[in-house]
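Input: a single structure, listed below in C-alpha cells.
The values are calculated or read from the model by the stated rules, or taken from the named source; none is laboratory data. All values reported here derive from a predicted model rather than from experimental measurement. All Cβ positions, even for glycine, are placed from backbone atoms using ideal geometry, and neighbour counts span all protein chains on display.
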Amino acid sequence: MSKSIFKTPLVQLGLFLLTVATTTLAGADWMGLHEANVWQTYLHGFWFSIPFLGILTLHEFGHYFTAKYYQLKVSLPYYIPMYIPFAPSIGTMGAFIRIHSQMQSKKVVFDVGIAGPLAGFIAAMCLLWYGFTHLPEPSYIYNVHPDYKQYGENYAEKVYTYAHLRAEDSIYSVKNGRTFAPQEQYQVISTGTNLMFYFFEKFVANPQSWIPNRFELFHYPFLFAGFLSLFFTALNLLPIGQLDGGHILYGLIGGKWQRRTAPILFGAFVFLGTLDFLKQTFDYHPMQSMDDMLSFAPLYIVFLGLIFSKVSEKLSTNVMIAVIVFVLQYFTLYFFPSFNGFDGWWVFAFILGRFLGIYHPPSPDETALDWKRKALGWLSLLIFILCFSPQPLVIEAIGK
C-alpha cells in the first residue's frame, strides 16, 4: 500500500501529539506548581492542556463534520504547536482545517462557518460552569506562592506593591548570582475580562467562595483554559473576511453589503488594535508638542496605510482611511488618555489586512437564509460581543 495514503494523517497526528506536549508544558509553567520530580511537575500541565485542547478540537470538528455533511472535501485539523521557554506561552497558535471544495451557496458557507464557534462556545460554557462551581480553597494559591501565606486571604494588598516586587527581584538576583539593581518600575501581567467571564464571576460562582485574583488566574487551569476559549471564540467570530464571523456575516447580509461594511468593521478593529501599540511602542500622546506630532504622524500613517493597503485598489482611499483612524485615535487619547486597546491586536490586524483579506468571496448561489439561520447568525454576533476582550492581557507598571 502506498505510503502517500498515510502521509497527511501521520503529519496531522504528529502535530496533534506535539501540540499536546507543548500545551502541557505551557500549562505546567502557568500553574507554577513545582514538584521535586520534574515529571510530576509536567503532569500538572494536563489540567490545562486537556480542557483547552478539547475545546479547540470540538471547534475544529464542528467545522469538519458540517463540511462532511455537505459532502465537501475537507482535511482533518492541523494543530500548530508553539512553546517558548522562559516566556509567556499557551503552547499553540490554534488549529485549522482545509476545505478543498467550493462551497456552492450562502447556506453552506454559513453552516460550516457557524458550527465551529458554537461547538467551542458551548464547551467553554460547560468548562467555566464547572470551574466556577468547583473553586479550590483560598489556600491553593499558597502552593504556588508560599510567601503569600504570611499575608492571609488579603495578600493582594501587600504583594502587588513596589516594595514586595523589589524584594522578590532582590531574592531572585541573589539566587542566580546576579548583582541586584532595583528597577524604577516592575511590570505585572493579569488576564482581562469580558462580559461572559464577568457573568460567571458574579452569578455562577458561589457567593461565599473565594474568587481568584485577576493577577493569579493563570494558576487556575480550568478558569484560564475557559477564558482562553472565550478569547479564541471571539477571535474566530470577528465579522471580517473569511474568518468564521466573516462567513456568518456574509450569510446574513450577502456579498454586496459585506463589501460595504468590511472596511468599517476592519477600520474599527485596527483602531482598537493599534491604539495601545501607538501609546506603548511609540510612547505617543496628543499632549506632546505639536512639532513632535507633526514629525511622527506621517510615519505612523504610512504604517496604518500598509495595513489598509488592500482595502481598496485606490491608494488615495487607503490613505484616507488611515488618516481617519489616526485622527480618531488622536482625539480619543486627547479626551480619554487612560483608554487602552491591546498591543497584540495590531499583529492580527496586519495579517488580516495584508494577507488574509477583509472581503468574502461570493458563492454561486446567494439565496437568502431562512429565518432560523438568520436568528442563529445574529445570536452568534451576540456571542462575539459577550466573549470579546478589548484587553485579553493587561500589563501594568508598578513604580515607587
Fill in: Pairs with Cβ under 9 Å, 6+ apart, first in the stretch 253-272 and among the charged types (D, E, K, R), second surrounded by 18 or more Cβ atoms within 10 Å (Cβ to Cβ) and outside any helix (DSSP H, G or I)
Arg259/Tyr359; Arg259/His360
Response to the item:
Within the stretch 306-325, residues being over 10 Å from Gly353 (Cβ atoms) and not polar (S, T, N, Q) number 10
Worksheet item: If we scan the stretch 178-196, do we find a residue that is part of a helix (DSSP H, G or I), free of Cβ contacts under 8 Å to residues at least 40 places away in the same chain and either of a type in the set (Ser, Thr, Tyr) or under 27 Å from Gly353 (Cβ atoms) (or both)?
Response: no
Discussion item. Checking Ile301 against (1) of a type in the set (A, V, I, L, M, F, W, C); (2) touching a residue at least 60 places away in the same chain (Cβ under 8 Å); (3) assigned to a helix (DSSP H, G or I), only one condition comes out false. Which one?
Written reply: (2)
Practice prompt. Six or more apart or on different chains, Cβ under 9 Å: which pairs go from a residue in the stretch 306-326 that's touching a residue at least 24 places away in the same chain (Cβ under 8 Å) and over 16 Å from Ala349 (Cβ atoms) to one that's surrounded by 14 or more Cβ atoms within 10 Å (Cβ to Cβ) and polar (S, T, N, Q)? Could you list them?
Written response: Ser312/Asn318
Worksheet item: In this structure, does Asn154 turn out to be in contact (Cβ under 8 Å) with a residue 60 or more places away in the chain and either of a type outside the set (Ser, Thr, Tyr) or at positive phi (or both)?
Response: no
Discussion item. Just to check your reading of the model, which residue among Thr41, Thr57 is hydroxyl-bearing (Ser, Thr, Tyr), within 29 Å of Arg98 (Cα to Cα) and surrounded by 15 or more Cβ atoms within 10 Å (Cβ to Cβ)?
Written reply: Thr57
Practice prompt. Taking Thr274 as the residue in question, decide whether it is under 16 Å from the mean Cα position of the chain (by Cα), of a type in the set (Val, Ile, Thr) and at pLDDT below 95.
Written response: yes
Item to complete: Could you please let me know if Ala28 is surrounded by 17 or more Cβ atoms within 10 Å (Cβ to Cβ) and free of Cβ contacts under 8 Å to residues at least 24 places away in the same chain?
Response: yes
Worksheet, complete the sentence: Gly251 vs (1) farther than 23 Å from Trp346 by Cβ; (2) surrounded by fewer than 22 Cβ atoms within 10 Å (Cβ to Cβ); (3) not hydroxyl-bearing (Ser, Thr, Tyr): all pass except (2)
Worksheet item: Being assigned to a helix (DSSP H, G or I), under 17 Å from Ser380 (Cα atoms) and either touching a residue at least 12 places away in the same chain (Cβ under 8 Å) or over 17 Å from the mean Cα position of the chain (by Cα) (or both), is that true of even one residue in the stretch 69-88?
Response: no
